[in-house]
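Heads up: the structure comes next, in structure tokens.
The values are calculated or read from the model by the stated rules, or taken from the named source; none is laboratory data. The structure displayed is predicted, hence computed values, not measured ones. Glycine also receives a Cβ, built like all others from the backbone with ideal geometry; neighbour counts cover every protein chain displayed.
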Amino acid sequence: MTPGLPRRLLVAAFAVAAAPVPASAWEPQRPITIIVPAGTGGGADQMARAIQAIVAKHGLAPQPIVVANKAGGAGAEGFLEIKNSRGNPHMLVITLSNLFTTPLATGVPFSWRDITPVKMMALDEFVLWVNAESPWRTAADFVAAARAGKLRIAGTGSRQEDQIITVAIGKAIGAEFTYVPFAGGGTVAMQLVGGHVDATVNNPIEAVSHWRAGKLRPLCVFDSRRLPVTQTMTATMAWSDIPTCKESGLDVEYLMLRGFFMPPGVPQAAIAYYQGLLERVRQTPEWQELMVQGAFNTTTMEGDAFAQWLAREEERHRTLMAEAGFLAR
């Protein structure tokens, strides 16, 4: 049995995954491309490849999935490709907060309204991580050290979510950091493991393997509540044991989208097909185990509710980036 999943949940998940796919007016006729507008090893890349493997294992689609990383220009390369692929029903993009931050920071001619919302799969958390050999065991320890000297925080890209959080931390505690950008969350985690930087604000899934290996230490989570996953990840800790940053005296919160979009002008039948496919993915035990391992917020949306959420998030990011001085001039 998959660790942490009750038997009745597994049975239900297998039943849904194995159920016949309803007859549809549309289904893919050639391989499906998932564009990742970020580097390899990061949260979006890992989620896309997990979906690729789940679909293949359970035979959920008649065509294979190909994952293509298009990280250039803080993800603009990937977003412009999906925008310019009008009417192509064999292409999706998995999105993160650079859906909002990249056009706001660079002025690149792109908006989420230029493409077709399909489905929110989850929201991703952010955790303040330090090397396990560092002297800081709590967020308060880290804050004291940051006030005493300029620490180095690594993150994915510039003027994106990691740097937004870094600036917010600095403003909240009256400290200044040296922000060191890298191409993807996997590289960011390795920089911290190697002791080349002092901290990161990586997503859980990007750092969990290093935490379990005893290389990294989580200090707090940037959410309004503790993570709900009580299954132990290490010999002594579960995700739920990590305090929120706010309860630790660091009043900063941030969650990030993990969702799917298609090019503009695609048939409604194709949108419905991928909504159904992604929902079947969500019911598999492998997906539910990924949600546990990565401590994801499992909120899902589609249709008007998703579009309204996107509009609110765009404005929230505009405000955050204006406060950080990151808007394109």
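Some observations on this one:
- Val281 at pLDDT 95 or above and either in contact with a strand residue (DSSP E or B) (Cβ under 9 Å, 6 or more places away or on another chain) or closer than 28 Å to Pro135 by Cβ (or both): yes
- Matching residues in the range 170-189 - criterion: being assigned to a helix (DSSP H, G or I) and more than 20 Å from the chain's Cα centre (by Cα): Gly170, Lys171, Ala172, Ile173
- Filter result for Arg258 (under 19 Å from the mean Cα position of the chain (by Cα) and in a loop (DSSP other than H, G, I, E, B)): no
- Within the range 144-165, the set of residues being surrounded by fewer than 22 Cβ atoms within 10 Å (Cβ to Cβ) and in a helix (DSSP H, G or I) comprises Ala144, Ala145, Arg147, Ala148.
- Search result, residues across the range 80-112 that are part of a loop (DSSP other than H, G, I, E, B), in contact with a helix residue (DSSP H, G or I) (Cβ under 7 Å, 6 or more places away or on another chain), surrounded by fewer than 22 Cβ atoms within 10 Å (Cβ to Cβ) and not polar (S, T, N, Q): Val108, Phe110
- Taking the criterion of being basic (Lys, Arg) and closer than 22 Å to Trp211 by Cα, the only residue of the range 109-137 that qualifies is Arg137.
- Pair list, Cβ under 9 Å, 6 or more apart: the range 257-272 residue farther than 20 Å from Val36 by Cα, other residue small (Gly, Ala, Ser) and surrounded by fewer than 20 Cβ atoms within 10 Å (Cβ to Cβ): Gly265/Gly87; Pro267/Ala25; Pro267/Gly87; Ala269/Ser24; Ala269/Ala25; Ala272/Ser24; Ala272/Ala25
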